[in-house]
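Shown next, in structure tokens, is the structure this report addresses.
The values are calculated or read from the model by the stated rules, or taken from the named source; none is laboratory data. The structure presented is a predicted model; accordingly, all values stated were derived computationally and were not measured. Don't worry about glycine lacking a Cβ; one is built from the backbone with ideal geometry, like all the others, and counts go over all protein chains shown.
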Amino acid sequence: MTLTRLYRNGKRDDTPFPLEDISELIKEESITVWADFVDPSAKDLELIEDELGLHELAIEDALTGHQRPKLDRYDTHLFIVAYAVIIDPNTGAMKTAEVRAFVTPHALITVHGPEFDIEKVVRRWDENSDLTSVGIGFLVWGLLDVIVDGHFDAVQQLDISIENLEDALFDEKPKDREVQKRSFEVRKTLVLFRRTVLPMREVVNSILRRESFTFDAAMNPYFQDVYDHVLRVSEWTDSLRDLVATIMETNLSIQGNRANLIMKKVTSWAAIIAVPTAITGFYGQNLPYPGEGQPWGFWLSSALILAGSFALYFAFKKRDWL
């Protein structure tokens, strides 16, 4: 499936055109072209390669996929790789959609799988139609802005997941196993998310530095805004990694404190139980002792047991061991 769009003199032109005419259309300075491919074949990209004079290495990367986020510069065009991200709110699992884009001074070619919603990009362009006059920079900005906004939504979802973990730490009914499992899951997601987000700083920064062909200066504030969002997501991701590590350490500390509390209680009750054991053991000796064979001997031993047990109980209670 291939979508196309043409802008002429800063206005959208809905006149359909075949891909074979792209090379002729972009000879006009007033024309900007966009073509979108979903899981294209090698033959599809060969046509675009011939029409726009794209580098064979960029075509190979577009067909192979699984590239790291990057921006490659060639003599006549840029090749951009970025990933859209979606976080499952129930499981915290992360799904990615790879997007590859060829950028020439008058054409944008996007390549992706069916998991990427290109309609969001189209809507972003339509919502900002007043910028179409700036040319190709507008189309590239719309694509990157949608992807980075998705990163922002994803890191917010991760932040909410971590807040839920913090609440579970001090729940009245301990959920140690669940907290530990969810902590590892979130940490794994953050590692994968960081690999996706951090390289985007260099991608957008390269566009701002104008190291290749120059986009219209009117788009600089918009690319700067995207770059600020990328930085914020990167910093937020790093802080969440530290927070997850803290949660894991806190969970272990809470488990250790809980074990110490249980040991204090067990030790306290063992000491209390030792009192009647010691007294009855003393009176069980096969030797003469005070009160032997007398009723008051029984009452004396019972009184000693009760007095000793209560004395230890109140002593431990005062020290908050029981």
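Some points to look at:
- Of all residues in the range 75-105, those satisfying the criterion of being charged (D, E, K, R) and part of a loop (DSSP other than H, G, I, E, B) are ASP75, ASP88.
- Just one of (1) under 30 Å from LYS188 (Cα atoms); (2) among the polar types (S, T, N, Q); (3) in contact with a helix residue (DSSP H, G or I) (Cβ under 8 Å, 6 or more places away or on another chain); (4) part of a helix (DSSP H, G or I) fails for THR132. It is (1).
- Top-ranked residue in the range 62-109 [being among the acidic types (Asp, Glu) and modelled with pLDDT under 90; ranked as nearest to LEU190 (Cα to Cα)]: ASP88
- Options ASN257, ASN251; residue that is more than 30 Å from ALA303 (Cβ to Cβ), among the polar types (S, T, N, Q), at pLDDT below 75 and surrounded by fewer than 16 Cβ atoms within 10 Å (Cβ to Cβ): ASN257
- Residues in the range 115-135 that are in contact with a strand residue (DSSP E or B) (Cβ under 6 Å, 6 or more places away or on another chain) and either within 20 Å of PHE79 (Cα to Cα) or not assigned by TED's automatic domain parsing to the domain that holds ASN9 (or both): PHE116, ILE118, GLY135.
- Any hit, the range 64-74, residues being free of Cβ contacts under 8 Å to residues at least 12 places away in the same chain and outside any strand (DSSP E or B): yes
- Of the criteria (1) touching a helix residue (DSSP H, G or I) at 6+ places or on another chain (Cβ under 8 Å); (2) more than 30 Å from GLU29 (Cα to Cα), which one LYS188 fails: (1)
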